[in-house]
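Notes for the one structure printed next.
The values are calculated or read from the model by the stated rules, or taken from the named source; none is laboratory data. Please read these numbers as outputs of a predicted model, since none were measured by experiment. Cβ sites come from the backbone with ideal geometry, for glycine too, and all protein chains shown count toward neighbours. With ligands, DNA and RNA removed, areas are computed over all heavy atoms of the protein, side chains included. Shrake-Rupley method; radii C 1.70, N 1.55, O 1.52, S 1.80 Å.
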Amino acid sequence: MSKYYIASCSFGKDSLAMLQVIKNNSQKYPLDEIVFCNVMFSKEMSGNFEPMRAFIEENIERVRKDFGVPVTVVGSDIPFIDYFYSVKKKGKSIGSIYGFPYTLGAWCNDRLKMKPLDAYFKSKGDHIRYLGIAYDEPERAERLEENEIAPLYEEGIVEEEAMEICAKTGYRSPIYDLFERDGCWFCPKQCLHSLRIIFDHFKECWEILLELQKDSPVDFKPGCNLFDLDRRFKEGFKPKKIKRKKKRRAA
């Protein structure tokens, strides 16, 4: 029985550029299906910022036609907010709600994204997973499992080039007009510069985060209480954008 080839696509720049690489190298990278995990904050509200949510909704059918394979949407039956207010039944904090996840090993990424994706992948039996890991992300590439392939990394394509591919093919999300990376608006791994963008441009999301901070037994992330940050932002604090070191493209 032949292997099943499936691409994980978040609709961010790297995964969409990866699909173009797969399409242009179909003999090297056969493709049977694309899967997208739809992370929800609540039953009604997306985990994506509104520009990204709209971009995904507008482009699912286009992706299906452009790449000629089914696009399957998976997701957790339980949204972030329900997990947030779930009461712990064991451990040192028994009786308290989960609140914000710890930055390292965040339960939200595992429960809202990885488990639904892994369950769907496993339902396909013997398979190969394509992941959108660029050439300037060697740490992620080193963690690839035996049945995982990163076409961008293999072809020496860095993140900047992935963005260029998306721009040329009309697949550049408007979320990149504000953020360097896409992700959930409630993610505790985002930097202070990203949180300042939420404060400035996504007032509804910021107010919800403050309400959650009020109820959470832990800070938004270690050393970062959102009420303190809200005060600093109102006083004019504008954190600098963190410049990540880029690995040069392979020769």
- [ ] Pull up the cross-link candidates among the lysines for K234, meaning alpha carbon to alpha carbon under 27 Å and not fewer than 8 places away within one chain.
- [x] K189, K203, K214, K221, K243
TODO: Apply 1/(1 + (r/R0)^6) to the Cβ-Cβ distance of E50 and D118, taking R0 = 22 Å, and write down the FRET efficiency to the nearest 0.05.
DONE: 0.20
Task: Spin-label pair I94/E207, simplified geometry with 7 Å Cα→Cβ offset, distance in nm - done: 4.0 nm
Task: Those aspartates and glutamates that a straight Cα-Cα span of less than 17 Å connects to K240, excepting residues fewer than 8 apart in one chain - done: D177, E180, D200, D230
Open item on the list: Testing the spin-label approximation: label points 7 Å from Cα along Cα→Cβ at E148 and D126. State their distance in nm.
Closed with: 2.2 nm
Task: Zero-based 10 Å bins, Cα pair distances in region 20-95, whole percents - done: 16, 33, 26, 15, 9, 1
Task: Average accessible area per residue (Å²) across region 95-244 - probe 1.4 Å, nucleic acids and ligands excluded - done: 54 Å²
Task: Residues Y85 and H193, FRET efficiency given R0 of 22 Å [Cβ-Cβ distance, rounded to 0.05] - done: 0.15
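Once the other residues with Cβ under 12 Å from the Cβ of A17 are scored (Lys, Arg +1; Asp, Glu -1), what is the net sum?
Residues close to A17 contribute a combined charge of -2.
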Task: Efficiency of FRET from Cβ geometry, D66 and K28, R₀ 22 Å, rounded to 0.05 - done: 0.75
- [ ] Roll a 1.4 Å probe over the protein heavy atoms and report the accessible area of Y29 in Å², nearest 10.
- [x] 0 Å²
Open item on the list: Run the numbers for K238 and L178: contour at 0.36 nm per residue of separation, minus the present Cα-Cα distance, in nm.
Closed with: 20.2 nm
Open item on the list: Which order do you get for M40, M114 if you rank them by accessible area with a 1.4 Å probe, largest at the top?
Closed with: M114, M40
Task: Proximal lysines to K65, defined as alpha-carbon separation beneath 30 angstrom and excluding residues fewer than eight positions away on the same chain - done: K3, K13, K23, K28, K43, K113, K115, K122, K124, K168
Open item on the list: Binning at 10 angstrom from zero up to the longest distance, how are the C-alpha pair distances of region 1-153 distributed in percent?
Closed with: 10, 35, 34, 16, 4, 0
